[in-house]
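One structure is given below, encoded as structure tokens.
Please treat every number below as a calculation from the coordinates, not as lab data. Bear in mind that the values here come from a model prediction, so they are computed numbers and not experimental data. Reconstructed Cβ throughout: ideal geometry from the backbone, glycine too, with neighbour counts over all protein chains shown.
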Amino acid sequence: MPASIDYYMTSPSPFSYLGHPMLRAVARKHGAELKVKPVNLAAVFENSGAVVPAKRPPVRQRYRLIELQRVADYRGLPINPKPKHWPTDPTLADHTIIALIERGHDPLSYMERVFAAVWANEENIADRDVLSAHLRAEGFNAEEIMGAADEPETAAIRARNTQEAIDAGAVGVPAYVLNGEVFWGQDRIEYLDQALATGRKAYTA
């Protein structure tokens, strides 16, 4: 039976962007299913005690900027560590991903576009026109998906995803949950790869 990985993320997350291609490659390698679950990161942070970058001590803010550049170089991805449209409201972008999933579409390539829109292309993913253009580029009916993104049930799904992430022990995003074991951060993808390769039992606390 193929492995299933719960993939908790939010659209403006730089480390979700940096880990996304590698995560896809690891999933393909092992024939694993990625179950994408956009979340409200503020609620996850509130539960875990984390704070948004702007509220962190200056030394941590500086280190984060270095880390973004270092990881981007390691992963072979372009990045502007201080993008024009960040922070931004992730709600609509996250909702379009949910709308795609609920209609049976694979959102992964669209997500790659949305991540890059923020961190490489200086686009505002809170803008409906920006998201519509990326939906069309992936062959989706932008009007249908944008309409579905506005439905109350879509917001309810994101709220459920958020509670699931909290219950799973996610500290932030991206978080990948395999057999109940949470792997937090793009720098844990190699550990996830190893867990899939060996089929070991999940670690618990």
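Springs join every pair of Cα atoms under 10 Å in this Gaussian network model of the chain, and among Pro81, Pro152, Pro12 the largest mean-square fluctuation is at Pro152.
Taking the centroid of alpha carbons for each part, region 31-81 and region 155-182 are 15 Å apart. Across the chain, how many lysine pairs separated by 8 or more positions, or lying on different chains, have Cα atoms within less than 25 Å? So the count works out to 6.
Counting only whole DSSP H helices of the chain, the ones at least 18 Å long by C-alpha along their axis and with mean Kyte-Doolittle hydropathy no lower than -1.0 are 14-30, 152-168. When peptides 68-77, 161-170, 98-107 are sorted by average Cβ neighbour count within 10 Å, with the highest value leading, the order is 161-170, 98-107, 68-77. The alpha-carbon positions of the chain define a convex hull whose volume is 123 Å³ per residue.
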